[in-house]
1. Can you find, within the range 5-24, the residue that is farthest from the chain's Cα centre (by Cα) among those that are β-branched (Val, Ile, Thr) and within 17 Å of Ser342 (Cα to Cα)?
2. Select from the range 308-326 the residues that are over 18 Å from Thr223 (Cα atoms), touching a helix residue (DSSP H, G or I) at 6+ places or on another chain (Cβ under 7 Å) and open to solvent by less than 50 Å² (accessible area, probe 1.4 Å) and list them in ascending order.
3. Kindly establish whether Gly122 is within 30 Å of Gln442 (Cβ to Cβ), of a type outside the set (Val, Ile, Thr) and either open to solvent by less than 10 Å² (accessible area, probe 1.4 Å) or without any contact (Cβ under 8 Å) to a residue 40 or more places away in the chain (or both).
4. For the range 226-263, what are the residues that are under 24 Å from the mean Cα position of the chain (by Cα) and of a type outside the set (A, V, I, L, M)?
5. Of all residues in the range 83-103, count the ones that are open to solvent by less than 20 Å² (accessible area, probe 1.4 Å) and farther than 24 Å from Thr218 by Cβ.
6. Can you pull out the residues in the range 1-11 that are touching a strand residue (DSSP E or B) at 6+ places or on another chain (Cβ under 9 Å) and open to solvent by 50 Å² or more (accessible area, probe 1.4 Å)?
7. Picking from Gly305, Gly299, which residue would you name as being modelled with pLDDT of 95 or more and touching a His at 6+ places or on another chain (Cβ under 9 Å)?
8. Out of Ile31, Ile67, Ile16, report the one residue that is buried (at least 22 other Cβ atoms within 10 Å of the Cβ), out of contact with any Leu (no Cβ under 9 Å at 6 or more places or on another chain) and touching a residue at least 60 places away in the same chain (Cβ under 8 Å).
Amino acid sequence: MMPEIQVIEAKWLLPISPRADSVLTDHSLVIEAGRIRALMPQAQARAAYPDAHFIVRPHHVLMPGLINFHCHAAMTLLRGLGDDLPLQRWLGDCIWPTEAALVSDPFVFDGSVLACHEMLLGGITCFNDMYFFPEATIRAAQAYGMRIVAGITVIDLPTRYAKQADEYLAQGLAIHERWQETATVHFSLAPHAPYTVSDAVYQRLGTLAETLDLPIHTHLHETEAELTTSMQQYGCRPLERLARLGLLSPRLIAVHGVHFTSAELAQLATAGAHLAHCPSSNLKLASGLPALAAWQATGINFGLGTDGAASNNRLDLWAELRLAALLAKGVSGDPTAGSAASVLEAATLGAARALGLDEQIGSLAGGKAADCLCIDLGQLQSQPCYDIPSHLVYVCGREQVSDVWVAGQHVVNQQQITLNSALTARQQCLASLETWQIAVKQAQGGNRQSLGDSF
């Protein structure tokens, strides 16, 4: 049970809003009933709340929890499978045959437990997921006390989850109905990609997005091959196709966005659409380098994602923060591009804004859900410290996250997960892990599936 009032004291407090580089020193965050009641100087908080439960972190930064803006959580069970292969061989020979053989509710639950364990200890309080059997991922997130945006995944190809688009949609909408009143469970519509989803399905999802007030989360302009396929099949680039179908709006979350022209970026900005930047995955699969500096110059809102552990190998947003900032400079030749403050905002409030959750999470402000983390700057390797946003992006790593709260619940306390439900799920996953590893190795010898042939 949560204390009635918690007061977190930290050396530095980074609210993110109204400015991502504004730092408060020797301040406290007051939490009541899972929400932020106030931010105030420590002396003032001690006088106002003498009977509260105080948590003192004297060498730490207190900041909003990180949001993993694009993830396939259950793919942790495919971590390291087919590394260092070209994209089409990796998908067709390794990933899709293995999924066709093994993906099930237990597979997705155990894989999602691995992902939640890794993400939560790294300060990720919310993740935007796209995968099959999404209810299994919701259950894993609930066990870990995490906030999830579960994708209602739709694809025009048969899998072990569903056979065709209507069945994917029916199952996803039923899950939405069961979980929509749970405070830490949110939803998106998640059509896989333009090369696996038909015009009719995209149009139907556009209508549903308006009816249910949900974002549309889809891979877009990830590879050159995707653009070539679209020109051959539809006579236009994927973004133009989605615009013709009425999907270019503030509800659109375009994942990867590696291959946009300047004109397309302007089109996205005018429409108020959002981009999900997954730098490690883009590099590992040799998809290319998006023009992040141009995104920022155009004013497009964006967030940071890890993608799945199969195409990244780590679910580590601190690594993505650093890489996003460095790549923006290297690609543009401009050292001011991808500033530390701008990528911190992307990993918190920017992602929340795109998901329609910015009134609830993404910054530390009165009335918002208390989703936050403490990161320890007291170690010698973090000294000296002159600029907090710079340190967080260029110096810190996930191993320095000491504490995590989700909706006011202290789910990680001094690097230890506190929830019995999480520890039970972890034990269940560990008991099954060797069985899954053997099954994955066996599945690698399977035949190429129809999904791979469709690329």
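1. Among those that are β-branched (Val, Ile, Thr) and within 17 Å of Ser342 (Cα to Cα), it is Val23.
2. Correct list: Ala309, Leu315, Asp316, Leu317, Trp318, Ala319, Glu320, Leu321, Leu323, Ala324, Ala325.
3. So Gly122 fails the test.
4. Glu226, Pro238, Ser249, Pro250, Arg251, His256, Gly257, His259, Phe260, listed by residue number.
5. So the answer is 0.
6. Met2, Pro3, Glu4, Lys11
7. Gly305
8. Ile31
The values are calculated or read from the model by the stated rules, or taken from the named source; none is laboratory data. Model, not experiment: these values are computed from the prediction. Virtual Cβ from ideal backbone geometry, glycine too; neighbours counted across all protein chains shown. Each accessible area value is taken on the protein alone, full model and side chains, heavy atoms only, with ligands, DNA and RNA left out. Shrake-Rupley method; radii C 1.70, N 1.55, O 1.52, S 1.80 Å.
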